[in-house]
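Below is one structure, written out as structure tokens, with a few remarks after it.
The values are calculated or read from the model by the stated rules, or taken from the named source; none is laboratory data. Values in this document were obtained by computation on a predicted structure and should not be read as measured data. We place every Cβ from the backbone using ideal geometry, glycine too, and count neighbours over all the protein chains shown. To get the accessible areas, we keep the full protein, side chains included, count just its heavy atoms, and leave off ligands, DNA and RNA. Shrake-Rupley method; radii C 1.70, N 1.55, O 1.52, S 1.80 Å.
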Amino acid sequence: MRAEDIFKSYYRQAVMAVEGVEAREFGAGWKKKIETRHLAFRDSSELRSYLVANAPFYLSHSIAYYRYPSARPMQKKEWVKADVVFDLDPPVKGKYDFVRYLERMKEDAQRLVEDFLIGDFGIERSYIEVVFSGSKGYHIYVKDPEYQLLGGEERRQLVEYVTGKGFKIEDHLFFEDKRLVGPKLGEGGYRGRVARLAKERAAALVGEEEKDFFVGGLAEGNWSRTSKNLKKVYQKVLSFKDALSVRSVASDVMVTQDLSRLIRVPESLHGDTGMIAKRVNDLERFDPFKDAILEADRTFKVRFVEDVDESLLGGPYYEGEVRELSLWKALLFVLKKSAIFL
Amino acid sequence: MLIPFTAAAKKALKGTTLSPALLERAKERILSSYMGKMLLEDDLAVFAAMRLVLGAMRNAYIVNRIAVNESKFYSQRIAKLREEEVVAIAKELGIDFSNGSVSLPSYLRSAPLSPHYALINRKVSKGRVEVSRQELIRMIQEVLRKRMEELPAIEDKDIVKVAKEIEGKLLSREVKEVKIKKGDFPPCVLSLLTEIKKHKNLPHHARWFLAVFLVNAGYSNQDILAIYKNLPDFKEKITLYQINHIRKKQYKTPSCATVMSYGLCRAACGITNPMLWGRLSEQKKRRLRNAG
């Protein structure tokens, strides 16, 4: 058994349904993410033929739609528009650390979609597409036609907004005649978000018995309705910082401003994990280990070539050990070079 | 008064032909506009003819400088209009304003680049961004400026001749070449210098940050002036005053967090102040520069 054969058989039957397949540039790689790019396919069946014949471990396509997606250099492709894509990408270090981040990433994805994209930006749900990255994070696509035409600088503003880059609570909450004055509950944007968070956490700020009285003041921007020391309240509010934004959104300029960047193709297999970059319909119920894995009606025998101590994956496993595992686990350990197929 | 790029303006221009007299007036307008003096005329035909000449000239410095001045001129006029007239002009320029707010995409396209307008500091809700009348007018000015910088490519021999003649006249008075002393700059500074090279109009805080950085990096007034000369609205006296003010007050280069809040950060360098750039390894610098 070879990983390549598993990829091939997956692509033989997978429904990729890439939107605008004929207008996107594709890139493919075997040892690394992109070894060849400027590929273009007329339709889904042409894409499938390529995938079955070549079985790349990594498949990406442009966020952009071009008139001539295979043309080179880039200018000759004639850029038409590009999806706005937010890349939720946690800072993982070890080979298997990503499994510990999946829950948090899901929460971040939910917050990004509900609070920011729908709440603040007013984007219609039907224009938002959530895709599990196949490994550690999520890609959130915005396909609203008006957003697809935004330039790099404008996209940077959106990313800075959701990551909270440059927002200081101190600029919006201050003392006036020994009273604490700040944002009101009903306000939009980050100001309103600070006030709403203060309402949610009122008990921690001023105590259970005073919380209703305190929240009553927030409606008018009065943050002083408490007998507690206001300086201490102020300090506690400053510590809200981390809860305000979605910090795991990749904010590298390369990612946010590049209108031609390539991103993993939804429904393709991730070469580091063998998991599917699955489109997610119901984020709340989505479980990568159930919904984004390859299944087979038999088990696969592997021999471990190093210790793997990760209980969430059924570990520990020890070097030299031979195990019968389900397809997805066997594939994961083989691709991570912790085991070999027997 | 007709505002360029609106339907009414286009309608008024229909059937206008470029006469030698019109070309002559366009020439005058370029010269005065370049110097920041506005000819008090609303003749849109002259404006259109000016664009043809500038389109034939293709000199980014002159074009950007005129775009800055002309857009200011129009926004001063717009500021005197009634609310519904301002809103109508905004709408025609792609800024969808109603009930004290604009749509988020139109805000992103039209708001000037400054911390005041950074999305993060705005009231954003359900796809609308609150803006005041004054801010709306500033946004109109910004759109006009950008549109004025987009020019038709003109190859008509007569117009090119006029264009070259004016270009020669204007540039004999000004430094046209960008002289930037070689240096090892962090991506945020490098990006501003690249913008200046293209004669882009930098917002105030960007100019301030760059000047403070250069002063702290040991650049002389002369070096800094040579760089700032390339800004489309450069005024030597004011620039010099500000550089000296920075020296007198001994302003330190702002931290990366502040640079970030200005919207000027261009790469995750992993340092806390742009001045610490020199401590990074050459390899890391190269990677970050390519990213930025």
Got a sec? Which of A:PHE214, A:PHE240, A:PHE289 is touching a helix residue (DSSP H, G or I) at 6+ places or on another chain (Cβ under 9 Å), surrounded by fewer than 16 Cβ atoms within 10 Å (Cβ to Cβ) and more than 14 Å from every other protein chain (Cβ to nearest Cβ)?
-> A:PHE289
Taking A:LYS93 and the conditions (1) over 12 Å from the mean Cα position of the chain (by Cα); (2) within 14 Å of chain B (Cβ to nearest Cβ), which numbered condition does it fall short on, given that it satisfies the others?
-> (2)
Failed condition for B:GLY270, given (1) touching a residue at least 60 places away in the same chain (Cβ under 8 Å); (2) among the small types (Gly, Ala, Ser); (3) assigned to a loop (DSSP other than H, G, I, E, B) | (1)
What helices (runs of 4 or more DSSP H) completely inside segment A:87-190 contain at least 2 residues that are over 28 Å from B:SER110 (Cα atoms) and modelled with pLDDT of 90 or more?
-> A:98-111
Does at least one position in segment A:147-154 carry a residue that is surrounded by fewer than 20 Cβ atoms within 10 Å (Cβ to Cβ), out of contact with any helix residue (DSSP H, G or I) (no Cβ under 9 Å at 6 or more places or on another chain), within 11 Å of another protein chain (Cβ to nearest Cβ) and under 18 Å from A:THR256 (Cβ atoms)?
-> yes
May I ask you to list the residues in segment B:198-237 that are under 18 Å from A:GLU153 (Cα atoms) and modelled with pLDDT under 90?
-> B:LYS198, B:HIS199, B:LYS200, B:ASN201, B:LEU202, B:PRO203, B:HIS204, B:HIS205
Please state which of the following conditions B:LEU108 fails to meet, knowing it meets all the rest: (1) under 15 Å from the mean Cα position of the chain (by Cα); (2) open to solvent by less than 50 Å² (accessible area, probe 1.4 Å); (3) within 10 Å of chain A (Cβ to nearest Cβ).
-> (1)
Answer residue from segment A:109-129, given it is more than 11 Å from chain B (Cβ to nearest Cβ) and free of Cβ contacts under 8 Å to residues at least 24 places away in the same chain and is least open to solvent (accessible area, probe 1.4 Å) among those = A:ILE128
Which residue, of B:VAL129, B:VAL162, B:VAL189, B:VAL143, is of a type in the set (A, V, I, L, M, F, W, C) and part of a strand (DSSP E or B)?
-> B:VAL129
What residue, of B:LEU240, B:LEU214, B:LEU264, is in the same structural domain as B:SER191 (by TED's automatic domain parsing), open to solvent by less than 30 Å² (accessible area, probe 1.4 Å) and without any contact (Cβ under 8 Å) to a residue 60 or more places away in the chain?
-> B:LEU214
When both residues are 6+ apart or on different chains and their Cβ atoms are under 8 Å apart, which pairs have a first residue that lies in segment A:195-215 and is within 16 Å of A:GLY182 (Cβ to Cβ), and a second that is open to solvent by 90 Å² or more (accessible area, probe 1.4 Å) and acidic (Asp, Glu)?
-> A:ALA202/A:ASP212
In segment A:302-322, anything charged (D, E, K, R), touching a helix residue (DSSP H, G or I) at 6+ places or on another chain (Cβ under 8 Å) and more than 12 Å from A:LYS95 (Cβ to Cβ) is listed as none
One residue from B:LYS161, B:LYS123, B:LYS157 being without any contact (Cβ under 8 Å) to a residue 60 or more places away in the chain, farther than 30 Å from B:LEU22 by Cβ and more than 23 Å from the chain's Cα centre (by Cα) | B:LYS123
Confirm whether B:ALA118 is away from chain A (no Cβ under 14 Å) and more than 21 Å from B:ILE78 (Cα to Cα).
-> no
Is there a residue being within 20 Å of the chain's Cα centre (by Cα) and either crowded, with 20+ Cβ neighbours inside 10 Å or within 15 Å of A:LEU244 (Cα to Cα) (or both) anywhere in segment A:165-178?
-> yes
